[in-house]
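The values are calculated or read from the model by the stated rules, or taken from the named source; none is laboratory data. Keep in mind that this is a model prediction, so the values were computed, not measured. FYI the Cβ positions are ideal-geometry reconstructions off the backbone, even for glycines, and counts take in every protein chain you see. All accessible areas refer to the heavy atoms of the entire protein, side chains included, with ligands and DNA or RNA removed. Shrake-Rupley method; radii C 1.70, N 1.55, O 1.52, S 1.80 Å.
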Amino acid sequence: QVQLVESGGGLVQAGGSLRLSCAASGSIFSINVMGWYRQAPGKQRELVATITTGGSTNYADSVKGRFTISRDNAKSTVTVYLQMNSLKPEDTAVYYCNVRGYALDYWGKGTLVTVSS
């Protein structure tokens, strides 16, 4: 099993920045991909960004050039970050951390990001 602890959401003005963190513990050796997804009110959950164990990244077109995903591997935890710059009101959503690997697929509880205009 994998435990996920998310942090970093909040309220920010348009043009501002936030950094989300998601710390994974437990069976982290099985994790292949870590990522962030988001769900805005009335919309489906969508991919924001992912990063593999090897460091390969993938971004939604809507966030390219503004968001950066990274990861930090420690002895018993691995943390994935999402640095969000030049935030726009349309980035307002609940952001979910996701980790996937062999026989595992876990989601965090979500953290709310609100961008005011």
Q: Report the net charge of residues surrounding Lys88, where surrounding means a beta-carbon distance below 14 angstrom and charges are Lys +1, Arg +1, Asp -1, Glu -1.
A: 0
**Q.** Other-chain or far-sequence residues with amide H under 5 Å of Val2's (modelled H)
**A.** Ser27
Q.
Just the number please: accessible area per residue for the chain, 1.4 Å probe, all protein chains included, in Å².
A. 53 Å²
Q.
Around Arg66, under 9 Å between beta carbons, what's the net of Lys plus Arg minus Asp minus Glu among the other residues?
A. +1
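Test of understanding: what is the full-extension gain from Thr53 to Val5, defined as 0.36 nm times their sequence separation minus their Cα-Cα distance?
That pair, Thr53 and Val5, stretches by 15.4 nm at full extension.
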